Amino acid sequence: MRTRLSAAVVTAAALLALTGCGAEADPAACKAAMAKAFDEAIAAGDTTNSLKKSESPDACDGVDDETVQRFAAELISDRAGKAAEDVMESAAPDATP
């Protein structure tokens, strides 16, 4: 689980680094595209950190860096919280007698 979460954090960081500024920004579309890429990387168990510039979300073109960084932080926090909840639930003893 830690490896998948670590890979996800690195992938999110790569998304941050690879998104650029331009015209015609749609922050909602950017966040949705980042979430999709993030979830796909986690689901694929991407431990190679192989995200390339050509794979960065086009929807983030034109979105300012501060906003993209905020989106990445929100996604990481959300996914890390869910992962922690999953671990706690799986570690909890069964309450049925």
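Every number here is computed from the coordinates shown, using simple stated rules; none is lab data. In this text the structure is predicted, and so the values were computed from the model without any measurement. Neighbour counts are summed over all protein chains in view; Cβ atoms, including those assigned to glycine, are modelled from backbone coordinates with ideal geometry.
Quick one: if you stick a label point 7 Å off each Cα along the C-beta vector at GLU74 and GLU40, how many nm between them?
Result for the modelled spin labels: 2.1 nm.
Show me 77-90, 25-38 ranked by packing, highest mean number of other Cβ atoms within 10 Å first.
Working: 77-90: 11.5, 25-38: 17.7.
Highest to lowest by the protection proxy: 25-38, 77-90.
What number comes out for the charge environment of ALA25, summing +1 per Lys or Arg and -1 per Asp or Glu over other residues with Cβ under 11 Å away?
Numbers: positive: none; negative: GLU24, ASP26, ASP61, ASP64.
Once all neighbours under 11 Å are counted, the net charge is -4.
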